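The values are calculated or read from the model by the stated rules, or taken from the named source; none is laboratory data. In this text the structure is predicted, and so the values were computed from the model without any measurement. Glycine gets a Cβ as well: all are built from the backbone with ideal geometry, and neighbour counts include every protein chain shown. All accessible areas refer to the heavy atoms of the entire protein, side chains included, with ligands and DNA or RNA removed. Shrake-Rupley method; radii C 1.70, N 1.55, O 1.52, S 1.80 Å.
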Amino acid sequence: CFDHPLDGFQTDAMAALLDGSSVVVSAPTGSGKTAVAELALYAALARGERAIYTTPRKALSNQKYRDLSAALGPGSVGLLTGDTQKQRDAPVLVMTTEVLRNMLLEQDEMVFAAQAAGRVGVVILDEFHYMNDKSRGTVWEECCVLAPPSAKLVALSATMANARQVTRWLE
């Protein structure tokens, strides 16, 4: 599915995802973390599940929405930020992490329906180093703790110094 050779960290993360595990991918900017997220997203869609892609800021969510809409088609991707709601029932939802946390706390049935077609298969947490932010880290922790058991987590960060510690915590 990729037109270039993959690095070892990518194949290891992808194998773990396909085996049903969540992953923390900490690698430098431009090294290909997004390829792991894309595989997770496509695998969830292939299983008839939904995919959620979160970012810490509205501007990043808007950009990811545009990128994924271009790749998957505009009807396949929705956007949920503090002031924008587009195609909430789309199979791929892009949102800020705060919106995801609020939906998890409210047990939003429209997004987290138990039926197979509506089940969330993967939650991608981009810029996961925000987990270490004193003022915002609890939002990320709550997303991890409250995520539905059926959803695999894909945590991406270029600057997470304590990735092994966070991985143990997630386990």
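Which percent, nearest 5, of DSSP beta bridges in the chain are antiparallel? Please report the intermediate quantities before stating the final value.
Details: 2 of 24 bridges.
Taking every DSSP beta bridge within the chain, about 10 percent pair in antiparallel fashion.
Relative contact order for the chain: what percent, with Cα pairs under 8 Å and sequence separation of 6 or more?
Details: 276 pairs, mean separation 46.6, N = 171.
Once divided by the residue count of the chain, the mean separation gives 27 percent.
To make sure I understand the rule: partners must be lysines, Cα under 19 Å from the Cα of Lys33, and not fewer than 8 residues away in the same chain. Which ones qualify?
Lys64, Lys152
Given bins 5 angstrom wide, list per bin the percent of all Cα-Cα distances in the chain, short to long.
The distribution over the chain is 1, 9, 19, 24, 23, 16, 7, 2, 0, given as percents.
Using r as the Cβ-Cβ distance of Ala161 and Ala59, and R0 as 22 Å, what FRET efficiency do you calculate, to the nearest 0.05? Numbers along the way, then the final one.
Numbers: r = 25 Å, r/R0 = 1.13.
The pair Ala161/Ala59 has a calculated efficiency of 0.35.
Considering only protein heavy atoms and a 1.4 Å probe, what is the carbon-and-sulfur percentage of the accessible area of the chain?
On the way: 4330 of 8500 Å².
Reported share for carbon and sulfur atoms: 51 percent.
Just how large is the dipole of the chain about the Cα centre, in debye to the nearest 20, putting +1 at every Lys and Arg Cβ and -1 at every Asp and Glu Cβ? Let's see the in-between values first.
On the way: 16 positive and 19 negative charges, 36 e Å.
Dipole of the chain, to the nearest 20 debye: 180 debye.
Given the protein chains as shown and a 1.4 Å probe, how many square angstrom of Trp169 are accessible, to the nearest 10?
120
Nearest 500 deg cm²/dmol is fine: what mean residue ellipticity at 222 nm does the chain get from its DSSP H runs of n ≥ 4 alone, each adding -39,500 (n - 2.57), divided by its residue count?
On the way: 6 runs with 68 residues, N = 171.
Helix contribution divided over all residues of the chain: -12000 deg cm²/dmol.
Cβ under 15 Å from Val36's Cβ, Val36 left aside: what net charge do those residues give with Lys, Arg +1 and Asp, Glu -1?
Values: positive: Lys33, Lys64, Lys152; negative: Asp7, Asp12, Asp19, Glu38, Asp126, Glu127.
Charge balance near Val36 sits at -3.
Per residue, how many Å² of accessible area does the chain show with a 1.4 Å probe?
Numbers: 8500 Å² over 171 residues.
About 50 Å² of surface per residue is accessible.
If you add up the charges near Leu18, with Lys and Arg at +1 and Asp and Glu at -1, over every other residue whose beta carbon is less than 14 angstrom from its beta carbon, what do you get? List each step's numbers first, then the result.
On the way: positive: Arg47, Lys152; negative: Asp12, Asp19, Glu38, Glu49.
My count for the surroundings of Leu18 gives -2.
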